[in-house]
Amino acid sequence: MPDHFFRVPGDFIRPGTLTAGGLQAQRDRFAADPEHYWRGLGDSLDWIHEYSQVKDVSFDRADFRIRWFYDGVLNVSANCIDRHLRTRADQTAIIFEGDDPGVSQHITYAQLSEAVNKRANLLKAHGVKKGDRVTIYMPMVPEAAYFMLACARVGAVHSVVFGGFSPDSIAGRILDCQSDIVITANEGLRGGKTIPLKANVDLALLQCPNVRHVLVVEHTPAHYLTHDGRDISVPKALESMSADCPPEPMNAEDPLFILYTSGSTGKPKGVLHTTAGYLAWAAYTHQTVFDYQDGDVYWCTADIGWVTGHSYVLYGPLANGGTTLMFEGVPNYPTVSRFWQVIDKHQVNIFYTAPTAIRALMRDGEAPVKASSRASLRLLGSVGEPINPEAWLWYHKVVGDSRCPIVDTWWQTETGGILISPVPGATPLKPGSATQPLPGVQPCLVDAEGKVLDGATEGNLCLTDSWPGQMRTVFGDHARFLETYFSTYPGMYFTGDGCRRDEDGYYWITGRVDDVLNVSGHRLGTAEVESALVAHSDVTEAAVVGYPHDIKGQGIWCYVTLKQGVEGTDALKVELRNWVRQEIGPIASPDVIQFAPGLPKTRSGKIMRRILRKIAEGDTSNLGDISTLADPSVVADLIEGAKGLG
Ligand code: PRX
């Protein structure tokens, strides 16, 4: 074995840990009889009516279908709660750690059951039926989990909107999925500050006359009932709700949730996941990738507003009868030791976070980490963006005391769960590589013409066949689904990522090859930022590209052309930055605004982003052919203007 591999220490292996032999046996079973292999995943769920059909998939656009376990009937909340009650009623399901270090709570499966049943009845009492869309805009508190599971219990489709999004972004999502119920909290708490969630909803609803009710959770003492008849106090309404709400029987392919995510064009799209396949994949991957076993305390730091929060804070861990920690706060409040203090306080065994958090904490050095014990940790995870080897090594050595393996997990909102990742008791690690596909996952690398590339190579990452957790459509726009994912390389799912495969068959994700940015692990379309900028009255045109950023992975560089007569001042830069934050949310805050009298365009008027990217990266020695530009002289001006900005 070459010495660039990190071997997992022998004492990591426990009885039941999947080892190299066990993983190979799974791969062999899949190769020999895929249907039988997939049946193993389907059988891990609790069915109201057993399924007999396993898989019906065609990626051919003329005859397109993706169905898994499709004649079965089940309920996700029954799988995450009811089936555990016989053996785990008193086990902690959720540990809540508040923004304030003095606040924490243990919620048992019995308590979770009562909470979810009551809220399911509350939804029904307000007219929510199977198939209805319910928008959830909440802080990271147990109520968010209760309501997501309550939706699943009554067969409603939740659409969780990240609590950092602006009123405009909320409104767009509510209107797109035609949701007429919104669930929120009066306020959120993050880093000692309050977030005006209900006030944001009030503003959003000025654009959404279809919304009948806003159910409001009380999280702080702030007043929140502003609209008689529309606004409902959750604590008050719960007083009269029964703790018994039978789970709605759902077909395996009935929708479970919609989650909006950014694409390379247009508005964010509503990624739709269905019931059985999604849950089976979330549960299988949570168990396999994190070696999750009974009694483990597991903490994924993602917000419930992202897919990682859906699959690996909530659905995967609870389907497995696990104990999952929900953290409301931020890594640096009240101090930069907060993560490590929480690990000690709750004796966390498995810790899953994003490279951007690791890189930010690295800046503060080892001392704040070493001030904690972290002896309970056995496994570390990384998700959301490429982890640079330097950050990987720091995570391994400093946080994990060189004991804990790291699983670098590659996946997407669209994939529902992890597809490429080490299996920690089985896969030798390489810092910076997501290593190998999980059994049943069939990636391939293709060149620009769609030719499949073999061996050690670099290309665009596709999947040649389905897996149960795959998204089924873009809500309300199936044509966009087919166009986005299945038209670039016919017959394959195109991920939008570039990737290298090395001589050991290990995969190294190199980042997006489309106009999607990944800023601090958050996905953002360049088109979204551009349309926010041009909505400002001083702006005529904007082009947005990503550039390498030490902490965030990618930063947002905006080239902005101003209206005739408007002066490009520093004050205007501040105003534009605030404008974008207001239009989309703080995650879209531009890092660099460069006023550009002209943009490099072809004679047909298409902006040459390749050139703008190079200028933002500071790599101007090889700009390629610029002779086809309508006005090549703008390039020199942009290079000059970019100096000292990044
Ligand atoms: O570019 C890849 C990157 O994040 C994108 C998916 O973003 P999103 O749908 O928001 O889901 C994030 C949580 C799964 C991918 O197309 N990405 C995700 N995980 C990794 C990654 N890039 C490199 N390494 C990863 N482990």
Notebook entry, point to check: Could you give the nm distance between label points at Ala222 and Asp294, where each point is 7 Å from its Cα heading toward the beta carbon?
Noted result: 4.4
Next item on the list: Give, in nm to one decimal, the length gained when the segment between Ser633 and Glu617 is fully stretched (0.36 nm per residue of separation minus the Cα-Cα distance).
Entry: 3.8 nm
Checklist line | Estimated [θ] at 222 nm from DSSP helical runs (n ≥ 4, -39500 (n - 2.57)) normalised by residues in the chain, nearest 500 | finding: -8000 deg cm²/dmol
Item checked: For region 371-388, Karplus couplings with θ = phi - 60° (6.51, -1.76, 1.60), whole Hz, Gly/Pro x -> 5, 10, 8, 6, 5, 6, 5, 10, 8, 10, x, 9, 7, x, 6, x, 9, 6
Margin query: Which residues among region 576-604 fall inside the zone where the amide N is under 14 Å from a point 7 Å beyond the Cα of Val330, along Cα→Cβ?
Written below: 586-589
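In terms of the Cα gyration tensor, with a ≥ b ≥ c the square roots of its eigenvalues, is region 520-644 rounded because a/c is under 1.5, prolate because a/b exceeds b/c, or oblate?
On the way: a/c = 1.70, a/b = 1.25, b/c = 1.37.
It is oblate, given that a/c is not under 1.5 and a/b is not larger than b/c.
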Notebook entry, point to check: What is the spin-label model distance, in nm, from Lys397 to His106 if the labels are put 7 Å beyond Cα along the C-beta direction?
Noted result: 3.7
Check: Taking θ as phi - 60°, what are the ³J(HN,Hα) couplings along region 555-562 by the Karplus curve (6.51, -1.76, 1.60), each to the nearest whole Hz, with x for Gly and Pro?
Finding: x, 9, 10, 10, 8, 10, 9, 8
Checklist line | Residue order, fewest to most beta carbons within 10 Å, for Val544, Val73 | finding: Val73, Val544
Checklist line | Derived scalar couplings ³J(HN,Hα) [region 71-77; Karplus, 6.51 cos²θ - 1.76 cosθ + 1.60; whole Hz; x for Gly, Pro] | finding: 9, x, 10, 7, 9, 5, 5
Next item on the list: Rank the residues His273, His223 as a footprinting-exposure proxy: fewest other Cβ atoms within 10 Å of their Cβ go first.
Entry: His223, His273
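Given the chain, what percent of its DSSP beta bridges are antiparallel, to the nearest 5?
Details: 61 of 101 bridges.
Of all bridge pairs located within the chain, approximately 60 percent are antiparallel.
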Item checked: Sorted by Cβ neighbour density within 10 Å, fewest at the top, the residues Phe595, Phe147 -> Phe595, Phe147
Item checked: Amide H contacts under 5 Å for Val330, placed H, 5+ residues apart -> Gly191
Item checked: Pairs of lysines in region 520-644 (C-alpha under 25 Å apart; 8 or more residues apart or interchain) -> 15
Margin query: Going by Cα centres, region 72-137 and region 380-398 are how many Å apart?
Written below: 32
Next item on the list: Specify the inter-centroid distance of region 165-234 and region 437-513, based on alpha-carbon positions, in whole Å.
Entry: 37
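What shape does the chain take by its C-alpha gyration tensor, where a ≥ b ≥ c are the square roots of the eigenvalues and a/c under 1.5 counts as rounded, a/b above b/c as prolate, and the rest as oblate?
Details: a/c = 1.41, a/b = 1.17, b/c = 1.20.
Rounded, since a/c falls under 1.5.
Shape call for region 410-543 from the C-alpha gyration tensor, a ≥ b ≥ c root eigenvalues: rounded (a/c under 1.5), prolate (a/b greater than b/c) or oblate? Before the final figure, lay out each step's value.
On the way: a/c = 1.94, a/b = 1.66, b/c = 1.17.
Prolate.
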Check: Using alpha carbon centroids, what distance separates region 286-350 and region 537-611, in Å?
Finding: 36
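How long is the gain from Arg363 to Arg65 if the chain were fully straight, where each residue apart is worth 0.36 nm and the alpha carbon distance is subtracted?
Working: separation 298, 0.36 × 298 = 107.28 nm, distance 4.79 nm.
Once the chain is fully extended between Arg363 and Arg65, it gains 102.5 nm.
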Next item on the list: Could you list which residues have their amide H under 5 Å from that of Val134, counting only those 5 or more apart in sequence or on another chain, with H placed in the peptide plane?
Entry: Val157, His158, Ser159
Notebook entry, point to check: How many nm is it between the label spots at Ser233 and Val574, if each spot is 7 Å from the Cα in line with the beta carbon?
Noted result: 4.1
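The numbers here are math on the coordinates, done by the rules we state, and not lab data. If you're wondering where the values come from, they're calculated on a predicted model, not measured in any experiment. Quick reminder, even Gly has a Cβ in these numbers, built from the backbone with ideal geometry, and neighbours come from all protein chains shown.
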